[in-house]
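Have a look at the structure below before the remarks.
The values are calculated or read from the model by the stated rules, or taken from the named source; none is laboratory data. Computed from a predicted model, the values in this text were never measured in an experiment. Reconstructed Cβ throughout: ideal geometry from the backbone, glycine too, with neighbour counts over all protein chains shown.
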Amino acid sequence: MAKILVVDDERLLVKGLKRSLENEGYEVAVAYDGAEALSLVRRMTLDLVLLDIMLPQVDGLEVCRRIRQFSNVPIIMLTARGDAVDKIVGLELGADDYLAKPFNTRELIARIRAILRRVPSARGGSGGGRSPCGLDEPGQASDREKPGRGSASTGVQLDDGLTGGAGTWGRPVAPDSLSPGDHLNAPEGLGRGIQEVQPGAGLPEQVIKAGGLEINVPRQSVRRDGRTVELTAREFDLLLTLARHPGRIFTRDILLEQVWGSRYFGEPRVVDVYIRRLRQKIEPDTNNPRWIMTRWGAGYYFAEDYSGDYL
């Protein structure tokens, strides 16, 4: 049974959400302010957090930022202000999704189910949420299991001029040549300077090597120049989608379909936020990216070629 923490200072809303979620079979814990929420996330093993932005003591954005310092538990932000800046900043700080108040309870439950399908259950793991890959053992955490940290900056700069969903809402449609899940299955289209290493029987490792970047697919781990890069599960899926098809340009809509899934109905610019976070984590110089490239007016792609010492 998945455990969900509902964080909101509107007690009637919390009561209604708790009842609705329990009717769907979820175990529900509640908190009415940011400080209490942080304490519960540290002490409990949770599968998801519903987090209101407008909270007493510590607001929801700050709570999200602090949670991401020690946990990758999925977070859905709730906001009554409908402010696009709040939504984008929440995603920048590490939230997985957002929903504006007032919202339809069925839509909220659908979003919860979609996120929980993507992320392994935290049951059996140590307190304070889960690792990005669901590999946790009680009391242990590998380098991969340590959460990536969202940026605390509120100066969000988004890539502009991309086709395929800018300013639109609704379900994106992927082309027939790229059906959902392809990036997790067949290795195709690897470009020059990119290797896919499969050691063979008894060692089912599958590693994409692109210059100094190594992506271990079954372990869902990433290393750059020999050092572990801490990514969330969503960030890893986004990177893998691009790296599987170097040189192929992905619009926002296609990336939403491939990484977020066909049930995602949120803001397409969430892709820009995640691309920026990925670059901050894997690129030595985000102003001159080596791997994750932008084709203005078209989309994003994984670079095919690398200079001398990175081949």
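What number of residues within the stretch 30-53 are part of a loop (DSSP other than H, G, I, E, B) and among the polar types (S, T, N, Q)? Residues meeting the conditions: 1. Would you confirm, using the coordinates I've provided, whether Arg277 is modelled with pLDDT under 90 and either assigned to a strand (DSSP E or B) or buried (at least 17 other Cβ atoms within 10 Å of the Cβ) (or both)? In short, yes.
Restricting the first member to the stretch 4-27 and to residues that are closer than 15 Å to Ala80 by Cα, and the second to residues that are modelled with pLDDT of 95 or more and of a type in the set (Val, Ile, Thr), the beta-carbon pairs closer than 7 Å and six or more apart or on different chains are Val7/Val49; Val14/Val6; Val14/Val30.
Applying the condition of being farther than 21 Å from Ile67 by Cα and acidic (Asp, Glu) to the stretch 1-57 and asking which residue is surrounded by the most Cβ atoms within 10 Å (Cβ to Cβ) yields Glu10. Annotation note: of Thr228, Thr241, the sole residue that is assigned to a strand (DSSP E or B), among the hydroxyl-bearing types (Ser, Thr, Tyr) and at pLDDT 90 or above is Thr228. Close contacts from the stretch 97-112, counting a first residue that is over 18 Å from Pro268 (Cα atoms) and assigned by TED's automatic domain parsing to the domain that holds Ile53 and a second that is among the aromatic types (Phe, Trp, Tyr) and in a loop (DSSP other than H, G, I, E, B), with Cβ to Cβ under 8 Å and a gap of 6+ residues or different chains, come to Ile112/Tyr26. Looking only at residues in the stretch 104-135 that are surrounded by 21 or more Cβ atoms within 10 Å (Cβ to Cβ) and of a type in the set (D, E, K, R), the one that is modelled with the highest pLDDT is Arg111. For the stretch 64-103, a residue qualifies if it is charged (D, E, K, R), touching a Lys or Arg at 6+ places or on another chain (Cβ under 6 Å) and either part of a strand (DSSP E or B) or at pLDDT below 75 (or both), and exactly one does: Asp97. State yes or no: is Gln57 assigned to a loop (DSSP other than H, G, I, E, B), assigned by TED's automatic domain parsing to the domain that holds Arg11 and either at pLDDT 85 or above or touching a Leu at 6+ places or on another chain (Cβ under 8 Å) (or both)? It is false that Gln57 is assigned to a loop (DSSP other than H, G, I, E, B), assigned by TED's automatic domain parsing to the domain that holds Arg11 and either at pLDDT 85 or above or touching a Leu at 6+ places or on another chain (Cβ under 8 Å) (or both).
Can you tell which of Val49, Val28, Val7 is hydrophobic (A, V, I, L, M, F, W, C), closer than 15 Å to Thr105 by Cβ and in the same structural domain as Lys101 (by TED's automatic domain parsing)? That would be Val28, the only listed residue that is hydrophobic (A, V, I, L, M, F, W, C), closer than 15 Å to Thr105 by Cβ and in the same structural domain as Lys101 (by TED's automatic domain parsing).
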